[in-house]
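The values are calculated or read from the model by the stated rules, or taken from the named source; none is laboratory data. All figures in this text were calculated on a predicted structure; none of them were measured in a lab. Note that each Cβ is placed from the backbone with ideal geometry, even for glycine, and that neighbours are counted across all protein chains shown.
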Amino acid sequence: MIETSKKSRWVWPLGLIATSLTGAAVFVFRGCWHSKMSWPVRSEDYSYQVCMGCGIKRLFDEKAFRSYGPYSYDLQRLMAWERAHRVKAIGHEAVSQQRSAS
Ligand SMILES: [Zn+2]
């Protein structure tokens, strides 16, 4: 497909872009690869690492001893993600029925 003269049509749903690119945008914006993460910090039921460069957080699996999941500056968001992730992991064995509660 050839791009002709549609340059003025740059109206993308910004919210959608912001959501899908959050992880990538963070390092672009901050210029940080989060290569220097702190030792895991324990908070309630969760462990996470904090980037020494920019302060972003990421969940940490103590059993596997590695970080996982998305990066976020908002720990609450990571916890929410983890909860959903954990429920899914357990759920696919125990629960076979799907509930569509938002
Ligand atoms: Zn970083």
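The set of residues in the stretch 62-76 that are more than 18 Å from Trp33 (Cβ to Cβ) and more than 16 Å from the ligand (Cβ to nearest atom) comprises Glu62, Lys63, Ala64, Phe65, Gln76.
Residue-wise test of (1) modelled with pLDDT of 95 or more; (2) within 13 Å of the ligand (Cβ to nearest atom).
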{"residue": "Glu3", "(1), (2)": "no, no"}
{"residue": "Trp12", "(1), (2)": "no, no"}
{"residue": "Thr22", "(1), (2)": "no, no"}
{"residue": "Phe27", "(1), (2)": "no, yes"}
{"residue": "Lys36", "(1), (2)": "no, yes"}
{"residue": "Asp45", "(1), (2)": "no, no"}
{"residue": "Phe60", "(1), (2)": "yes, no"}
{"residue": "Arg83", "(1), (2)": "no, no"}
